[in-house]
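Encoded as structure tokens, the structure appears first; notes follow it.
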Amino acid sequence: SPTYYCHGNTVLQTTHEDMTIPVDLCVYSPPGECLLPDNTIARIVGHIFAPPSSKVLMDVISIVPYPGDPKADSYEDNIPDDTSVAIWGVGAVINNAEYGADSKTCFFNLAVSDYVRDGTKS
């Protein structure tokens with residue numbers, strides 16, 4: 001049977017108020033079913049590919065909208081002020097770790113690949 005999906009544009013909010021990251025969502029859904037109403041805030045889990053200087057591609061696994069009417073002026077008043085983002089990656093460390101000025105924070109490059117938009121991306 002055919003696979004149906006729809007695309008939608010959104011942004012990933014960061015902890016910096018003026019910085020957002022554009023995202024192209026791909027949600028597998030029954031034919032004719034739309035993603036969500038405009039301006040809906042949701043928690044999303046998905047596979048991502050984030051090429052430099054381009055829009056992030058996300059194949060959605062789970063999408064849970066916050067309740068309420070996104071058209072209402074008071075919609076965002078009932079949304080928790082949560083700017084946390086969780087990213088999980090399994091891959092190979094490709095360089096030696098470097099430590100930040102606090103001697104506790106560790107930085108390293110990780111080579112990761114995942115199946116996104118009909119192909120493996122690295």
For this session: Out of PRO37, PRO30, report the one residue that is exposed (fewer than 10 other Cβ atoms within 10 Å of the Cβ) and not in a strand (DSSP E or B).
Result: PRO30
Seminar exercise, completed: Considering the stretch 95-111, residues that are open to solvent by 80 Å² or more (accessible area, probe 1.4 Å) and touching a Cys at 6+ places or on another chain (Cβ under 8 Å), and then whichever is farthest from PHE49 (Cα to Cα), we arrive at TYR99
Problem set entry | First in the stretch 77-106 and part of a loop (DSSP other than H, G, I, E, B), second anywhere and among the aromatic types (Phe, Trp, Tyr) and loosely packed, with under 10 Cβ neighbours inside 10 Å, Cβ under 8 Å, 6 or more apart | ALA97/PHE107; GLY100/PHE107
Exercise. Of all residues in the stretch 112-122, which are free of Cβ contacts under 8 Å to residues at least 60 places away in the same chain and more than 14 Å from ALA50 (Cβ to Cβ)?
Worked result: ASP118, GLY119, THR120
Exercise. Just for the stretch 74-94: of the residues that are more than 22 Å from ASP24 (Cα to Cα) and of a type in the set (Asp, Glu), which one is surrounded by the most Cβ atoms within 10 Å (Cβ to Cβ)?
Worked result: GLU76
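The values are calculated or read from the model by the stated rules, or taken from the named source; none is laboratory data. Values in this document were obtained by computation on a predicted structure and should not be read as measured data. Every residue, glycine as well, gets a Cβ built from its backbone with ideal geometry; the counts of neighbours run over all protein chains shown. All accessible areas refer to the heavy atoms of the entire protein, side chains included, with ligands and DNA or RNA removed. Shrake-Rupley method; radii C 1.70, N 1.55, O 1.52, S 1.80 Å.
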